[in-house]
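Since the structure comes first, as structure tokens, the remarks are kept for the end.
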Amino acid sequence: MNQKLISHILLFFFCIGCVSINNSIMAQNAPDKYEAKVDSLMNLMTLEEKIGQTVMYSGGWDKTGPTIRTDFEKHVKVGNVGAMLNVYTVKGTREMQKLAVENTRLGIPLLFGYDVIHGHRTIFPINLGLSSSWDLDLIEQTSRIAATEASAEGLHWTFAPMVDIARDPRWGRISEGAGEDVYLGSEIAKAYVKGFQGDDLSKTNTILACAKHFVGYGAAQAGRDYHTVNMGEEELRNVYLPPFKAAVDAGVETFMTAFNEVNGVPASGNKFLFRDILRGEWDFKGFVVSDYTAINEMIQHGFAKDSIDTARLAMHAGIDMDMMGEVYRLHLKKLIEEEAIDVALVNESCKKILMAKFKLGLFDDPYRYNDEQREKETIYKPEFLKVAREAAAASNVLLQNKNEALPLDKTKTIALIGPLAKDEFHINGNWGGAGDRKGKSVSIYEGLQDYLKDSQMLYAKGCEIESEDEKGFQEAINAAKKADVVLLVMGESYHMSGEAASRTNLRIPGNQTKLIKKIREAVPNKKIILVLMNGRPLNLSDEVNEVDAILEAWYPGTMGGSGVADVLFGIYNPSGKLTATFPRNVGQVPIYYNMKNTGRPIPERDPKEDYKSNYIDVPNTPLFPFGYGLSYTKFEYSDLKLSDTNIGFNDTLTADITITNTGNYDGHEIVQLYVHDKVGSITRPVKELKGFQKIFLKKGESKTVTFNLTAADLKFYNDENKFTVEPGEFEIAIAPSSDFKFKHIFTLKE
Ligand code: NOJ
């Protein structure tokens with residue numbers, strides 16, 4: 001009997017059991033439905049086929065790591081591969097799927113994964129930008145759209161969200177996350193997972209999400225990517241783990257390991273992280289994929305002696321799938337034969353991976369995500385572009401607006417200057433998915449055309465992003481002299497943030513700042529507006545003195561130019577607030593709002609007192625703090641009322657505050673609730689965000705905003721690593737940013 005015939009007979013018997021599966025109950029929360037199906041399939045599988053499920057290769061559509069081999073097709077054809085990354089489009093995934101389904105003995109479909117990070121085709125602002133919107137519904141909507149587009153192009157799985165807390169802007173991957181805060185980061189993690197996975201994975205427009213990188217990746221020493229991470233369990237549990245726990249609570253189906261070591265043990269071989277915490281304490285049922293060749297890298301870490309050893313360590317740690325490393329394919333069988341690994345571990349991994357394939361409905365139809373018509377109708381849908389435009393505007397943060405330089409006046413002539421003014425390439429940012437970098441994205445120049453006649457725009461590039469060449473300066477200065485207002489669009493290249501893109505210098509690169517200074521000298525009395533595109537908090541200490549207004553636009557994505565123009569002309573009143581602190585200089589880094597007090601904080605009564613925890617050259621305070629962002633209007637906070645000043649463990653404290661829009665524009669305000677646990681069995685941060693609300697107020701309007709706080713909100717991992725709440729005094733405030741002084745107190749009693 002030939003191979004194909006055997007395969008069809010086996011699948012026929014297997015599928016008799018499958019057809020009865022009702023798709024509508026194939027939801028994430030009903031895994032038992034597949035248990036029997038997976039088991040009966042596994043009964044048919046050889047050990048090699050089971051190992052095959054744990055192997056992932058990269059196709060050539062995108063390059064997201066070192067190329068190790070390109071002859072993956074031959075392995076796909078014999079059932080040695082369970083998943084592929086970097087292959088997309090209906091045609092591309094169909095061809096690859098065919099290789100697996102039509103050639104292998106059991107015809108088990110492949111899983112297609114890709115880095116759909118802030119959009120697939122329609123690109124939204126980079127994640128740090130999206131987080132600045134503090135708009136959970138909007139974030140969920142963007143990942144819903146991303147999943148819709150990705151699944152229409154044959155994808156089943158995104159390697160997102162990245163939920164790493166990041167407090168070091170030198171680290172290029174700060175751009176991919178939600179910033180520095182634990183609470184906000186956890187809420188945003190949930191929103192992404194919900195958006196990607198929807199409420200039913202069996203629908204063809206939902207995909208598996210992946211919480212990454214477990215864990216501590218954002219705490220790389222000196223902000224250098226992949227670098228060593230050392231931290232106490234207290235910090236690990238209170239700061240770095242919570243967003244991952246939130247992702248598990250939201251039902252995330254997969255996890256990815258981190259490249260770094262944590263306290264001497266590489267994450268990809270770390271039993272404590274994956275077996276004890278993720279599976280043990282959190283009861284995570286999905287599967288874990290390694291990062292790209294991260295298992296192999298345990299040799300360079302000095303943790304594994306050779307490639308065989310890496311496979312053994314990773315399997316023992318609970319890493320189910322090997323991304324691109326080949327060590328599972330090459331060594332698992334031998335390790336089992338030598339009894340260095342129990343076959344039960346491989347069975348367990350294989351089972352979890354098959355379970356995910358069942359949930360996606362791939363055993364009903366391996367091509368159910370391969371519909372050309374749907375692909376054509378879905379990509380760049382006008383309604384998606386509309387959300388992208390809104391997201392671009394909502395992620396903008398107005399950092400400075402002296403003399404109400406913004407919004408712009410439509411009747412004026414504008415000198416549009418800078419290397420990013422006409423850009424449609426960098427604007428998509430790093431991890432721009434499959435978004436086209438030519439011909440699709442709206443540049444700032446094009447966005448302004450909705451509001452201005454071409455004759456009102458005097459364009460001069462002025463300089464390059466990363467060059468010292470000044471030959472364009474004079475043309476830019478001439479344009480500035482002729483115009484009423486100067487609009488500069490400057491920043492970093494998109495490849496200056498993202499993976500392997502750490503910087504030690506946080507200034508705007510090249511000679512862009514020099515050009516700003518020259519323009520200021522040439523037009524001392526004209527309004528100069530600086531629009532920034534960049535992937536991290538920058539040191540803007542010079543720029544704040546040269547320009548009137550600064551609008552942080554991040555990399556705003558496909559509709560970036562339109563969204564930014566809407567903000568510049570006041571059609572969209574900016575409401576974004578920073579989710580990562582902007583330092584005064586690189587020497588302050590890491591700097592974040594929820595730090596510890598130290599034994600020698602700077603005293604309020606005399607900030608110059610000696611022997612205190614300070615710098616002698618710059619203040620401790622940042623240039624722009626967490627939670628900060630201006631609006632064209634003004635909001636007044638008054639009359640904070642607490643329902644009680646004493647609460648018990650089972651009580652709810654209600655905090656009310658009145659917010660009034662006292663300015664001249666309607667607008668959104670992000671109202672933030674902070675507490676300070678004054679004394680703990682371990683020291684607690686000086687401030688901690690515990691809630692926020694984004695409200696809309698018409699000019700002149702007032703609203704009472706109410707927050708409820710319970711003892712559960714005040715829990716933390718204590719000196720015994722127990723998640724608990726301790727009685728005592730807490731300071732509380734409701735504020736427009738993290739820059740405030742506490743004035744209210746309540747006591748929590750047992
Ligand atoms: C390496 C990155 O660290 C990870 O985030 C990404 O998902 C993989 N490459 C796959 O591209």
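Points worth noting:
- Contour minus Cα-Cα distance for K471 and S541 (0.36 nm per residue): 22.6 nm
- Among the GluC sites (Glu not before Pro) found in segment 321-376, those both in a DSSP coil and sparsely packed, with 16 or fewer other Cβ atoms within 10 Å of their Cβ, are E338, E339.
- The chain, accessible area per residue, ligands and nucleic acids excluded (1.4 Å, Å²): 37 Å²
- Solvent-accessible surface (1.4 angstrom probe) belonging to K641, in square angstrom, nearest 10: 110 Å²
- Sites T504 and K381 - FRET efficiency at Förster radius 41 Å, r taken between beta-carbons, to 0.05: 0.45
- Within the chain, DSSP assigns beta bridges of which about 50% are antiparallel (rounded to the nearest 5).
- Structure-based [θ]222 nm, the chain - -39500 (n - 2.57) summed over DSSP H runs of at least 4, per residue, nearest 500: -8000 deg cm²/dmol
- Remark on F624: its backbone amide H falls under 5 Å from those of F582, a criterion applied only to residues 5 or more positions apart or on other chains, H modelled at 1.01 Å from N.
- Phi-based couplings in Hz for segment 92-102 (Karplus 6.51, -1.76, 1.60; Gly and Pro marked x): x, 6, 5, 4, 5, 4, 4, 4, 6, 6, 8
- Nearest-ten-degree value, helix 382-395 long axis tilted from longest Cα axis of the chain: 50 degrees
- For segment 381-578, the relative contact order comes to 38 percent (Cα pairs under 8 Å, sequence separation of at least 6).
- The share of accessible area on segment 3-374 that comes from carbon and sulfur is 52 percent, using a 1.4 angstrom probe.
- Overall, the chain carries a charge dipole of about 1100 debye about its Cα centre when +1 sits on the Cβ of Lys and Arg and -1 on the Cβ of Asp and Glu, all other atoms neutral.
- For segment 635-749, the relative contact order comes to 32 percent (Cα pairs under 8 Å, sequence separation of at least 6).
- Chymotrypsin sites (Phe, Trp or Tyr not before Pro) restricted to segment 551-627 and DSSP loop, no more than 14 other C-beta within 10 Å: Y611, Y615
- Comparing Cα centroids, segment 517-533 and segment 610-686 end up 33 angstrom apart.
- Counting charges near S541 (Lys, Arg +1; Asp, Glu -1) among other residues having Cβ under 14 Å from its Cβ returns a value of -1.
- Across segment 409-422, computed HN-Hα scalar couplings (Karplus, 6.51 cos²θ - 1.76 cosθ + 1.60, θ = phi - 60°) run 9, 5, 8, 8, 9, 10, 8, 9, 10, x, x, 10, 5, 9 Hz from first to last residue, x flagging Gly and Pro.
- For the chain, the pair-distance distribution built from all alpha carbon pairs, in bins 10 Å wide starting at 0, is 3, 14, 23, 24, 19, 11, 5, 1, 0 percent.
- Within-10-Å neighbourhood charge of V193 [Cβ basis; K, R +1; D, E -1]: -1
- Sulfur and carbon atoms: percent of accessible area, segment 635-749 [1.4 Å]: 46 percent
- Computed from label points 7 Å out along Cα-Cβ, the spacing between E404 and T683 is 4.5 nm.
- Take the Kirkwood radius over Cα pairs of segment 381-578, plug it into Stokes-Einstein at 10 °C and 1.306 mPa s, and you get 96 µm²/s for translational diffusion.
- Assigned charges on the beta-carbon of Lys, Arg, Asp, Glu; segment 616-658 dipole about Cα centre (debye): 140 debye
- Annotation: amide H of F159 within the under-5 Å range of Y114, D115, V116, sequence separation 5 or more or interchain, hydrogens built in the peptide plane.
- Based on every Cα atom in segment 416-478, Rg and the maximum pairwise Cα distance Dmax equal 13.3, 39 Å.
- The slack between E720 and T67, meaning 0.36 nm per residue of separation minus the straight C-alpha distance, is 230.6 nm.
- Centre separation in Å (Cα based) which lies between segment 213-228 and segment 98-121: 30 Å
- Per-residue HN-Hα couplings for segment 444-452 [Karplus 6.51, -1.76, 1.60; θ = phi - 60°; Hz; x = Gly/Pro]: 4, 4, 5, x, 5, 4, 5, 10, 10
The values are calculated or read from the model by the stated rules, or taken from the named source; none is laboratory data. These figures come from a predicted structure and were not determined experimentally. Cβ: placed from backbone, ideal geometry, glycine included. Neighbour counts: every protein chain shown. These area figures cover heavy atoms from the full protein model, side chains too; ligands, DNA and RNA do not enter into them. Shrake-Rupley method; radii C 1.70, N 1.55, O 1.52, S 1.80 Å.
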